[in-house]
Each structure stands twice: as structure tokens, then as C-alpha cells.
């Protein structure tokens, strides 16, 4: 094949990839996605809308801070947000992968295929956390974590979230929105006021992914909502567990 032919093929492949990404790109508001994002801001609050995805390119040099090696090794894609005592308010768009992964996978590819997508927000002391994950239609399981010492935590899960919620607090209680209540089944018997595990079923087909959401604080409320919930009047619509 001539060199010219090869470059034409490359262009065609690039155009095909772009076409695959377009609907997702539109949903993420035209944000540029990266495979791994790490933001560690000791003295500032984090207020961001970010797009990540396992098919997205690795950013070199990193967009913000250098992602931790273990996060890159253990996750297909990750967004990790850390502050000392400032609030975190983030919306994380997770793009689906292009469908070019081989169907007949050998064990190493299979291992890769099982790697989750990590979304983590952590404040060391006072900061409150609001973490929102809009619609997600990927096959990889989600690993969503939110941890604060003394701060209210609100997590908006996508309608496709399918798996377990683990929550714990020293003094706080869990509230779930009415829409999430429909999807929520407490697994503790008898229930405990300050910690628990619940099964959350998807309200849209997601193929039972085995997602996990872990929320912990010492003091402050913990609220779990469906991303498609109406944000207005949220306090009234939440049910204390």
C-alpha cells in the first residue's frame, strides 16, 4: 500500500472515531475528555464540570495534577478531586467507549475490560461535597466515592446506576430523594441510624453492572439523589432513612 493510501486510511479512521464520539461530546457540552484527571488543591475550592472516558486520550502533561499511579493502574478511567478544607462541587460526565474492543477477549483483555471507572471527591476537614454523575451508558462498573470530615455530602447518581450504596457517619443520617427511594432497598437488618448498605436498582436498562457508591463523613448530612430528579425543592422531597 502506498504511503498516500495509508494516510487516507488514517484520516478515515479519525473521522469515524470523531463521529462515534460526537453524540457523547454533545452531551458533555463539548468538553474535552481525558482518561485520568487528578485535582489536588490544598487551599482552594473545586467547582468544575469535567469529562472523562476510558477511550479518551491520556493528557500529557497532565491537565491539572499528575494522576496517582495506582489510580491509573486500577481504573480504566478516573477523576479524583481532593481539597483540605474547601468545598467540592463537581459534575463528571463519563463518556462511553468506542466499540472497537475485541469481542473474543483473552484473559489480559478481559482483565482490562473489568476495570471500573473511578469518581472520587475528598475533603480533609470542613468542606461540603456535591458530586453529580449525569447519564452513563457504559459497560464498565462505576466506583463513586465521597468523603468529608465535617461537611454535608450530596451525590447525584445516574439513572443507570446499578449496585451497592455504602454509607457511614458518626452523627449524620442518610436522606434519599423520592425518585431514589423507588430504586433503594436497605440491606441492613435491623437498620442502623448512622451507617448502612443499600441495593440501588437502575431506572434505565444498564445490564446490572455492579456499581459501588461509598459515602462517608463524621458530621453532616448525607443525601443521595437521582440525577434526573428535579433539583428544586430538594429538602422537602428527601426521605430520612
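Readers should treat all values here as calculations from the given coordinates under stated rules, not as data from a laboratory. Keep in mind it's a predicted model, so treat the numbers as computed, not measured. Note that each Cβ is placed from the backbone with ideal geometry, even for glycine, and that neighbours are counted across all protein chains shown.
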For the pair residue 212 and residue 171, how long in nm is the line joining their label points, each one 7 Å along Cα→Cβ? 3.0
Ranking of 136, 156 by count of other Cβ atoms within 10 Å, fewest first: 156, 136
Taking other Cβ within 10 Å of each residue's Cβ, how do 184, 161 sort, fewest first? 184, 161
Gyration tensor verdict on region 32-232 (Cα atoms; rounded if a/c is under 1.5, prolate if a/b is larger than b/c, oblate otherwise): oblate
Per 0.36 nm of contour for each residue apart, how much would the distance between residue 47 and residue 240 grow if the chain were fully extended, relative to their Cα-Cα spacing? 66.7 nm
Quick check on the exposure proxy: order 46, 133 from fewest to most C-beta atoms within 10 angstrom. 46, 133
Tell me, in nm to one decimal, what length is gained between residue 69 and residue 135 on full extension, where the rule is 0.36 nm per residue of separation less the Cα-Cα distance? 21.0 nm
Could you compute the FRET efficiency for residue 199 and residue 124, with r as their C-beta to C-beta distance and R0 at 30 Å, rounded to 0.05? 0.45
